[in-house]
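Worksheet: one structure, shown below.
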Amino acid sequence: MSSPTRHPVLIAGAGPAGLSAALALRAAGLPAVVLERRTESSVRPGSRAAYLHGASLRELERLSPGLGHEIAGRGLMWATKRSYWAGQEVYTRTYPPSARDGLPPFTSLPQVITEDLMATACRKHGVEFHWGVEVTSAESTPDGVRLTDASGGEWLADYVIAADGARSVLRTAIGSPLEGPRSQNTFVVVDLDDDPDHNPMPIERVFHYRHPRVGGRNVLTVPFAGGWRVDLNLLVHDDPERYVSPEGLRRWIPRILPEAYGERVRWVSTYRFAQQVAARFTDTHHRVLLTGEASHLFAPFGARGMNSSVPDAVRAVEAAVEALETGGAGATRAVARFAEERKEAATYNRACASAALEHMLAHRPSLWLRQRAAAAVATAGRRAGAWLDSAPYGPKLAARGAARSSY
Ligand SMILES: Cc1cc2nc3c(=O)[nH]c(=O)nc-3n(C[C@H](O)[C@H](O)[C@H](O)COP(=O)(O)OP(=O)(O)OC[C@H]3O[C@@H](n4cnc5c(N)ncnc54)[C@H](O)[C@@H]3O)c2cc1C
């Protein structure tokens, strides 16, 4: 029986991290082979990563010229953001139009569309996809990695980029657990179809602290191309089922949006958000490189999940390319540097997402009192309002001495 082909680099997973890694490999002139559990035609539910930062757009544009512009063109941008405290507006800001390298500061569109555009770019650059291939185990040695799939197939590689998501088989195989807490409160996340002809809404991001029409719960409403995402922050003792059942949705959505939106639910899910980072981003032999949600999970406030998966994947490919070129101790150093840098970036991103969660939930009495005080003066002083408004992104961490790191 012939032995399996040995690849310089294999990628497990065709989500944003795996697709970015595939584009980066092709841009570096190496073959890119992706093993993906899903079939090619399967559609992933939910808007998930709706908000793509300008930095991600520029990186994707660099890897595949035209891709950043195409994603930006399909997405939507809002210029105005508002925050309310118990129904009273405490902050509003409208930004003038701006662009860098012809790309906007961000764009908002469902992750499934972004992934589709990325996969099309991958095909254009000759990426080899193996759909319906589920990696079930991995064995790393000083010489390389052997993967086994669900139908018993074997795959050999010098390096493997693990982009197989939150329940990563590769992370488990290299013995690197996710470490960190999970939010106490449940969040209900709903995607609603837009209704521009009958129920137009201003294209604005709106955050409500203690919304009076939903029993004082926090609500974040964010537009994306074709719809709206609503995050309802449940109280610790709420029963999520009451809010996600069709009757529940018809009851609370019309209290915060035009009535017709109660009938326009495209997708709903509940989350207790994990704030977790892998113990190590590579194995003891420096052959498996963890990227994206295989290596970190963040609450989505601040949009740091997919946006950090792109640079994770790009840096992993740079390290693998350097390792292939240098070999020996140089190879180990290149992968170790990747693992250290991306763990530092993930730890920083988790700190920012934690600050956002803390700000939104305000479980600490001192923070709760400070927020109330800020809300009382916010109409007169913009700084207090701006501080309240920063909750959905995570307030600036510089003052707390957190290490600044790239996404
Ligand atoms: C409600 C919500 C809102 C979010 N909003 C944002 C946002 O606005 N901005 C942002 O940046 N991020 C956001 N995120 C996070 C973002 O969705 C993730 O960070 C992103 O999908 C991670 O990409 P990934 O490629 O690492 O993992 P995934 O997207 O999970 O992709 C992993 C891929 O690997 C495949 N796979 C899994 N196991 C195997 C296996 N054993 N063998 C082969 N293939 C396998 C899966 O089928 C999948 O295709 C949000 C997440 C949620 C839940």
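The values are calculated or read from the model by the stated rules, or taken from the named source; none is laboratory data. Predicted, not measured: the structure shown is a model, and the values here were computed from it. All Cβ positions, even for glycine, are placed from backbone atoms using ideal geometry, and neighbour counts span all protein chains on display. All accessible areas refer to the heavy atoms of the entire protein, side chains included, with ligands and DNA or RNA removed. Shrake-Rupley method; radii C 1.70, N 1.55, O 1.52, S 1.80 Å.
Size of the dipole of the chain about the Cα centre, Lys and Arg at +1 and Asp and Glu at -1 on the beta carbon, nothing else charged, in debye to 20?
Rounded to the nearest 20 debye, it is 1600 debye.
Where q = 0.15, 0.17, 0.19 Å⁻¹, what log10 of I(q)/I(0) comes from the Debye formula for segment 260-373, counting one point per Cα?
Summing over Cα pairs of segment 260-373 leads to -0.74, -0.84, -0.95.
Against the globular-protein guess of 2.2 N^0.38 Å, express the Cα radius of gyration of the chain as a ratio, rounded to two decimals.
1.02
Roughly how big is segment 150-295's charge dipole about its Cα centre, with Cβ charges of +1 (Lys, Arg) and -1 (Asp, Glu), in debye to the nearest 20?
In total the dipole reaches around 540 debye.
Using the heavy atoms of the protein chains and a 1.4 angstrom probe, tell me the accessible area per residue for the chain in square angstrom.
44 Å²
Quick check for me: using +1 on Lys/Arg Cβ and -1 on Asp/Glu Cβ, what's the dipole size of segment 187-271 about its Cα centre, in debye to the nearest 20?
320 debye
Can you tell me, using C-alpha contacts under 8 Å and at least 6 residues apart, the relative contact order of segment 61-154 as a whole percent?
Relative CO of segment 61-154 lands at 20 percent.
Taking only C-alpha pairs under 8 Å that are 6+ residues apart, what is the relative contact order of the chain in percent?
Taking the mean separation of contacting Cα pairs over the length of the chain, I get 19 percent.
When only the heavy atoms of the protein chains count and the probe is 1.4 Å, how do 325, 358, 341, 59 rank by accessible area, highest first?
Ranked from most to least accessible, the order is 325, 341, 358, 59.
Please list 48, 364 in order of solvent-accessible area, largest first, computed with a 1.4 Å probe with all protein chains present.
364, 48
Sort out for me the Cα centre separation of segment 87-117 from segment 196-266, rounded to whole Å.
20 Å
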